[in-house]
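Read-outs: derived from the displayed coordinates by stated rules, not from any lab. Note that the structure is a prediction, hence the values are computed from the model and not measured. Here the Cβ positions follow ideal geometry from the backbone for every residue, glycine too, while neighbour counts run over all protein chains shown.
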Amino acid sequence: MMRAVVASELLKLRSVTTTYRAIGVAALMVVLGAVWTFYVGTMADERGSIRAAAPEQGFLPLLQTSLALLGVLAITSELATGMVRTSLVVVPRRGVLFAAKAGVVGAVTFGGAVTILLTTYATSRLIAGDRLLGFNQSSLAADLPMLLASGLSVTVLALVGLGLGCATRSTAAGIVSVVSLLFVLPGIATYLPPPWNTRVASFMLPNLVPQIAGDQLSRRLGDGLLPPWAALATLIFYAAVTLGAAFYLFKRRDA
Amino acid sequence: MVRCAEGPPCRIFFSVIELHHLTKRYGDTLAVHDLSFSVAPGHVTGFLGPNGAGKSTTMRLILGLDAPTSGKALVNGRPYMSLARPMREVGALLDANAVHGGRSAYNHLLCLARTNDIGPRRVAQVLEQVGLAGVARKRVGGFSLGMKQRLGIAAALLGDPRVLMFDEPVNGLDPDGVRWIRDLMCSLAAEGRTVLLSSHLMSEMALTAERIVIVGRGRLIAEATVAELISRYHTLEDAYMALTAGSVQFGVSS
């Protein structure tokens, strides 16, 4: 039963163009990363060395928003059209349908995100060559925690998008919620009076990624409060809470 | 052909859709009120009632889409939610527009078929059967209502189920399509399947259905054969008008 429904959900994702558009926009990260590296590379050629941000970190929000949109649309495209009723007639067990949807969104966004992140990483290092750009002095092994944490953050945002889209039953509300979690709330947290800015910011979704990798939040906020394991747990907690609440509503509400 | 109208024993054995004191309340509105009837195989059962009478709600309750406030609906003696592969037992068309417009007809059906382990060959078969084979790869968003009705019927037929429910499938169809649906409904029933069909077209219903269930304001108004109604009221339309006279209410969606 579960396997059949997962196959169906995967086909649902593969058979609409919005999926390819969202992944296409996410993959722009590779292009932007290459352009960025080329640009800072020419600056480094003039000055000898430079401290530039890593493209896989700088353009991460693009990846996060575009693939989170995939999560939102996975459910709201059905809720808005009434397709969800057609789906529930063929799969009356709501837990199975919801789990299959979440599983497919989770797997596709994680696979897509890690692929795009690694490609961005590889092309930018290749373009950088032996120039000193600030971000290309560490080994892949040292950068891998950050890359995987970034990939996981994309998946969590997509699942949060799925959950919020399901709870609000609206594409617009789902997207606004994701954008709030990603940009608005962390923005507000930064401008709280210290030490509350760092304390609150430590729990903000985008700031969990550097904490998992053991880096500082930003020059302004300094080190976060959370050790890597706690940051990882908090990240997963975001997805678990929104999915849990969404499933509760999905199971109880009339379709 | 087994006719369940003939005696109670066969009702027990052959009634495949059963409603027992089904009640659904949305806030202050009683959409379905203490509704009990059963639908037997071998003929088309027409489901009639004014807009807002609770026909669509009743169908949603049978399919487990809405939870009843009280009472129960059974399909083949079991709640719909407990069916492991529901498409193989029940096919339903509730709303032809409840599709993702960006998906092709073929992929739409394949998405549904996959959930119940039904293969692509069957998808091609039903597309052929409903006359959509030529537009199978076209996006559903560009379909007319009539084409969407055909697509919905194709979805209902995918699992070759013994029980079929159609909510106003004739809407939006051209005369050719109307006749096609009539013939399809009759042939499905003649194969011994159970067919519950709702429609507002009385002349069409008189040609297609053998038994009629009429509801109004969520309550059962009448349950009779078309022959009985016509002998008493002259035409089915007159019967419907007379029986639902006190039940027409506007401003409530069905």
Counting only Cα, what are the radius of gyration and maximum Cα-Cα distance Dmax of segment B:124-176, in Å? 11.0, 31
With no solvent and one equal point scatterer per Cα, compute the Debye intensity ratio I(q)/I(0) for chain A at 0.15 Å⁻¹ and report its log10, rounded to two decimals. -1.05
Amide hydrogen neighbours beyond the local backbone of B:ASN171, cut-off 5 Å, H modeled: none
Cβ-derived FRET efficiency at R0 41 Å, A:TRP229 paired with A:LEU132, nearest 0.05: 0.80
Prolate/oblate/rounded call for segment B:28-102, Cα gyration tensor, a/c under 1.5 rounded: rounded
Could you give the angle, 0 to 90 degrees to the nearest 10, between helix B:145-157's Cα long axis and the longest principal axis of the Cα atoms of chain B? 90 degrees
Using each residue's phi in segment A:9-15, evaluate 6.51 cos²θ - 1.76 cosθ + 1.60 at θ = phi - 60° and report the 3J(HN,Hα) Karplus result to the nearest Hz, with x for Gly and Pro. 5, 5, 5, 4, 5, 6, 9
How large is Rg/Rh for the protein assembly as shown, to two decimals, with Cα atoms and a Kirkwood Rh? 1.11
Around A:ARG253: net Lys/Arg minus Asp/Glu count, Cβ-Cβ under 13 Å: +4
Can you say what percent of the DSSP beta bridges in the protein assembly as shown, counting only those with both residues inside, are antiparallel? Round to 5. 55 percent
If R₀ is 60 angstrom, what is the calculated FRET efficiency for the pair B:TYR233 and A:PHE183, using the beta carbon separation as r and rounding to 0.05? 0.35
Max mean-square fluctuation residue, GNM over chain B, Cα-Cα springs under 10 Å, options B:MET202, B:MET87, B:MET185: B:MET202
List the residues, sorted by chain then number, that are 5 or more residues from B:GLY216 or on another chain and whose placed amide H is less than 5 Å from its amide H. B:ILE221
How far is helix B:105-115 tilted off the main Cα axis of chain B, in degrees rounded to 10, range 0 to 90? 70 degrees
So for segment A:100-192, using the alpha carbon gyration tensor with a ≥ b ≥ c as root eigenvalues (a/c under 1.5 gives rounded; past that, a/b versus b/c decides prolate or oblate), I'd call it oblate
A correct Karplus calculation of ³J(HN,Hα) over segment A:171-185, with 6.51 cos²θ - 1.76 cosθ + 1.60, θ = phi - 60°, whole Hz and x for Gly and Pro, returns 4, 4, 5, x, 5, 4, 4, 5, 5, 4, 5, 8, 10, 5, 4
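Please compute the length gained on full extension between B:HIS21 and B:ASN97, using 0.36 nm multiplied by the number of residues separating them and subtracting their Cα-Cα distance.
24.3 nm is the gain from fully extending B:HIS21 to B:ASN97.
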Please compute the modelled spin-label separation between A:TRP196 and A:ALA107, points set 7 Å along Cα→Cβ, answer in nm with one decimal. 4.5 nm
Whole-number D in µm² s⁻¹ for segment A:133-255, Kirkwood Cα-pair radius fed into Stokes-Einstein, 10 °C, 1.306 mPa s: 103 µm²/s
Which percent of Cα-Cα pairs in segment B:1-154 sits in each 5 Å bin, short to long? 2, 8, 15, 17, 16, 16, 14, 9, 3, 1
Show me, for segment B:57-67, the HN-Hα J-couplings you get by feeding each phi into the Karplus relation (A = 6.51, B = -1.76, C = 1.60, θ = phi - 60°), rounded to Hz, glycine and proline as x. 4, 4, 5, 5, 5, 4, 8, x, 6, 10, 8
Taking every residue of A:2-13, the Cβ atoms of other protein chains inside 10 Å of its Cβ average out to 4
Which of A:VAL156, A:VAL176, A:VAL90 fluctuates most in a GNM of chain A (C-alpha springs under 10 Å)? That residue is A:VAL90
Averaged across B:93-100, how many Cβ atoms of other chains sit within 10 Å of each residue's Cβ atom? 5
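Counting only C-alpha contacts under 8 Å and six or more residues apart, can you give the relative contact order of chain A as a whole percent? Please list the in-between numbers first.
Numbers: 350 pairs, mean separation 59.1, N = 255.
The value is 23 percent.
Let me check against my output: what whole-number percent is the relative contact order of segment A:1-100, with C-alpha pairs under 8 Å and at least 6 apart? Present the calculation step by step, with values, prior to reporting the outcome.
Details: 50 pairs, mean separation 38.8, N = 100.
Relative CO of segment A:1-100 lands at 39 percent.
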Report, by chain and number, residues whose modeled amide H sits under 5 Å from the one on B:PHE47, excluding near sequence neighbours (fewer than 5 apart, same chain). B:LEU197, B:SER198, B:SER199, B:VAL213
quick shape note, segment A:213-255: Cα extents on principal axes in Å, largest first -> 49, 20, 13
Consider just the alpha-carbon atoms of segment B:114-252 and return their Rg together with their Dmax, both in angstrom. 17.1, 50
